[in-house]
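Data block below; observations after.
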Amino acid sequence: MAYNKAEEEKKWKVWKDAEEEKLRKLGVSQESIDALRQFDWSVFNSNRRFYQRVYDPDTYLENLTSPQREDVSSVESLLDNIENENLYQTLKEMDKLTLHIVVLKLQGYETKEIAHCLHMTTKAVYRRMDRIKEKLKRFSA
(Lines give C-alpha, C1' and ligand atoms only; values in the text may rest on other atoms or scores of the structure.)
Protein backbone atom coordinates (compact mmCIF):
# COMPACT_ATOMS: atom_id res chain seq x y z
CA MET A 1 0.00 0.00 0.00
CA ALA A 2 1.39 3.40 -0.97
CA TYR A 3 1.65 6.29 1.45
CA ASN A 4 -0.87 9.01 0.61
CA LYS A 5 0.51 12.30 1.99
CA ALA A 6 -2.58 14.37 1.18
CA GLU A 7 -4.90 11.94 2.95
CA GLU A 8 -2.65 11.71 6.00
CA GLU A 9 -2.31 15.50 6.12
CA LYS A 10 -6.11 15.88 6.10
CA LYS A 11 -6.39 13.43 9.01
CA TRP A 12 -3.68 15.30 10.87
CA LYS A 13 -5.42 18.67 10.37
CA VAL A 14 -8.77 17.31 11.60
CA TRP A 15 -7.08 15.83 14.67
CA LYS A 16 -5.06 18.99 15.30
CA ASP A 17 -8.07 21.33 14.95
CA ALA A 18 -10.05 19.24 17.43
CA GLU A 19 -7.12 19.21 19.86
CA GLU A 20 -6.63 22.98 19.60
CA GLU A 21 -10.32 23.59 20.20
CA LYS A 22 -10.13 21.53 23.43
CA LEU A 23 -7.00 23.40 24.52
CA ARG A 24 -8.71 26.78 23.97
CA LYS A 25 -11.68 25.64 26.08
CA LEU A 26 -9.22 24.69 28.82
CA GLY A 27 -7.71 28.19 28.72
CA VAL A 28 -4.33 27.41 27.18
CA SER A 29 -2.64 30.47 25.66
CA GLN A 30 -2.52 30.89 21.88
CA GLU A 31 1.30 31.04 22.01
CA SER A 32 1.44 27.60 23.62
CA ILE A 33 -1.06 26.21 21.11
CA ASP A 34 1.02 27.63 18.21
CA ALA A 35 4.24 26.17 19.66
CA LEU A 36 2.54 22.80 20.07
CA ARG A 37 1.24 22.98 16.49
CA GLN A 38 4.76 23.67 15.17
CA PHE A 39 6.14 20.74 17.15
CA ASP A 40 3.39 18.38 16.01
CA TRP A 41 3.88 19.52 12.38
CA SER A 42 7.60 18.69 12.56
CA VAL A 43 6.76 15.25 13.97
CA PHE A 44 4.20 14.73 11.18
CA ASN A 45 6.79 15.67 8.52
CA SER A 46 9.34 13.36 10.07
CA ASN A 47 6.85 10.49 10.00
CA ARG A 48 5.84 11.39 6.43
CA ARG A 49 9.43 11.19 5.22
CA PHE A 50 9.83 7.82 6.94
CA TYR A 51 6.64 6.32 5.51
CA GLN A 52 7.35 7.63 2.02
CA ARG A 53 10.68 5.79 2.11
CA VAL A 54 9.09 2.65 3.50
CA TYR A 55 6.39 2.57 0.83
CA ASP A 56 8.60 3.73 -2.05
CA PRO A 57 8.28 1.24 -4.93
CA ASP A 58 12.01 1.46 -5.66
CA THR A 59 12.89 0.12 -2.26
CA TYR A 60 9.98 -2.34 -2.43
CA LEU A 61 11.39 -4.07 -5.51
CA GLU A 62 14.94 -4.01 -4.15
CA ASN A 63 13.90 -5.43 -0.78
CA LEU A 64 11.73 -8.04 -2.43
CA THR A 65 14.52 -9.43 -4.58
CA SER A 66 17.66 -8.54 -2.61
CA PRO A 67 18.23 -12.02 -1.09
CA GLN A 68 18.34 -13.54 -4.58
CA ARG A 69 20.42 -10.87 -6.33
CA GLU A 70 23.14 -13.38 -7.23
CA ASP A 71 20.48 -15.72 -8.67
CA VAL A 72 18.91 -13.07 -10.91
CA SER A 73 20.87 -13.60 -14.08
CA SER A 74 18.02 -13.43 -16.58
CA VAL A 75 14.46 -12.25 -16.96
CA GLU A 76 13.22 -15.80 -16.44
CA SER A 77 15.14 -16.19 -13.18
CA LEU A 78 13.74 -12.83 -11.99
CA LEU A 79 10.19 -13.97 -12.68
CA ASP A 80 10.88 -17.38 -11.12
CA ASN A 81 11.93 -15.70 -7.86
CA ILE A 82 8.68 -13.71 -7.51
CA GLU A 83 6.30 -15.34 -5.03
CA ASN A 84 3.56 -12.70 -4.98
CA GLU A 85 1.05 -13.54 -7.73
CA ASN A 86 -0.05 -9.92 -8.34
CA LEU A 87 3.53 -8.70 -8.62
CA TYR A 88 4.35 -11.63 -10.90
CA GLN A 89 1.45 -10.74 -13.24
CA THR A 90 2.44 -7.06 -13.22
CA LEU A 91 6.03 -7.89 -14.18
CA LYS A 92 5.00 -10.55 -16.70
CA GLU A 93 2.92 -7.95 -18.60
CA MET A 94 6.01 -5.74 -19.09
CA ASP A 95 8.04 -6.02 -22.26
CA LYS A 96 11.26 -8.06 -22.19
CA LEU A 97 13.53 -5.06 -22.70
CA THR A 98 12.13 -3.32 -19.64
CA LEU A 99 12.51 -6.49 -17.58
CA HIS A 100 16.07 -6.83 -18.86
CA ILE A 101 16.75 -3.31 -17.52
CA VAL A 102 15.39 -4.42 -14.13
CA VAL A 103 17.67 -7.47 -14.14
CA LEU A 104 20.73 -5.35 -14.98
CA LYS A 105 19.78 -2.80 -12.32
CA LEU A 106 19.45 -5.60 -9.74
CA GLN A 107 22.86 -6.86 -10.76
CA GLY A 108 24.28 -3.45 -9.82
CA TYR A 109 24.83 -1.84 -13.20
CA GLU A 110 24.62 1.94 -13.44
CA THR A 111 22.05 3.51 -15.75
CA LYS A 112 24.78 4.69 -18.12
CA GLU A 113 26.18 1.15 -18.36
CA ILE A 114 22.72 -0.29 -19.01
CA ALA A 115 22.13 2.23 -21.79
CA HIS A 116 25.45 1.38 -23.42
CA CYS A 117 24.88 -2.37 -23.10
CA LEU A 118 21.38 -2.22 -24.62
CA HIS A 119 22.26 0.42 -27.25
CA MET A 120 19.80 2.93 -25.80
CA THR A 121 20.08 6.48 -24.55
CA THR A 122 20.28 7.02 -20.81
CA LYS A 123 17.08 9.05 -21.08
CA ALA A 124 15.28 6.02 -22.55
CA VAL A 125 16.49 3.84 -19.67
CA TYR A 126 15.36 6.43 -17.14
CA ARG A 127 11.98 6.67 -18.88
CA ARG A 128 11.50 2.90 -18.70
CA MET A 129 12.53 2.87 -15.04
CA ASP A 130 9.98 5.63 -14.34
CA ARG A 131 7.28 3.53 -16.01
CA ILE A 132 8.25 0.56 -13.85
CA LYS A 133 8.01 2.75 -10.74
CA GLU A 134 4.54 3.97 -11.79
CA LYS A 135 3.33 0.40 -12.30
CA LEU A 136 4.70 -0.62 -8.93
CA LYS A 137 3.07 2.40 -7.29
CA ARG A 138 -0.28 1.25 -8.67
CA PHE A 139 0.53 -2.29 -7.59
CA SER A 140 1.37 -1.24 -4.04
CA ALA A 141 -1.65 1.12 -3.74
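Whenever a residue of the stretch 35-49 is farther than 15 Å from residue 14 by Cα, its partners that are surrounded by 11 or more Cβ atoms within 10 Å (Cβ to Cβ) and among the basic types (Lys, Arg), lying with C-beta atoms within less than 7 angstrom and at least six residues away or across chains, give the pairs 48/5. Scanning the stretch 73-83 turns up no residue that is closer than 30 Å to residue 8 by Cα, at pLDDT below 80 and touching a Leu at 6+ places or on another chain (Cβ under 8 Å). Does residue 57 satisfy being under 30 Å from residue 13 (Cα atoms) and modelled with pLDDT under 70? When the stated conditions are applied, residue 57 passes them. Look at residue 95 and say whether it is more than 20 Å from the chain's Cα centre (by Cα) and at pLDDT below 80. Taking the combined requirement at face value, the residue does not satisfy it. Could you tell me which numbered condition residue 63 fails, if it satisfies all but one of (1) out of contact with any Lys or Arg (no Cβ under 6 Å at 6 or more places or on another chain); (2) under 30 Å from residue 4 (Cα atoms); (3) modelled with pLDDT of 80 or more? Single failed check for residue 63: (3).
Looking at this structure, is residue 112 modelled with pLDDT of 85 or more, more than 15 Å from residue 132 (Cβ to Cβ), assigned by TED's automatic domain parsing to the domain that holds residue 132 and of a type in the set (Lys, Arg)?
yes
Kindly check whether there is at least one residue in the stretch 23-32 that is in a helix (DSSP H, G or I), within 30 Å of residue 87 (Cβ to Cβ) and in contact (Cβ under 8 Å) with a residue 12 or more places away in the chain. No. Beta carbons closer than 8 Å, at least 6 apart along the sequence or on distinct chains, pair a first residue in the stretch 119-132 that is within 11 Å of residue 99 (Cα to Cα) with a second that is basic (Lys, Arg) and part of a helix (DSSP H, G or I) for 129/105.
The values are calculated or read from the model by the stated rules, or taken from the named source; none is laboratory data. It should be emphasised that the depicted structure is a prediction, and the values quoted were computed from it without experimental measurement. Note: ideal-geometry Cβ built from the backbone for every residue, glycine included; neighbour counts use all protein chains shown.
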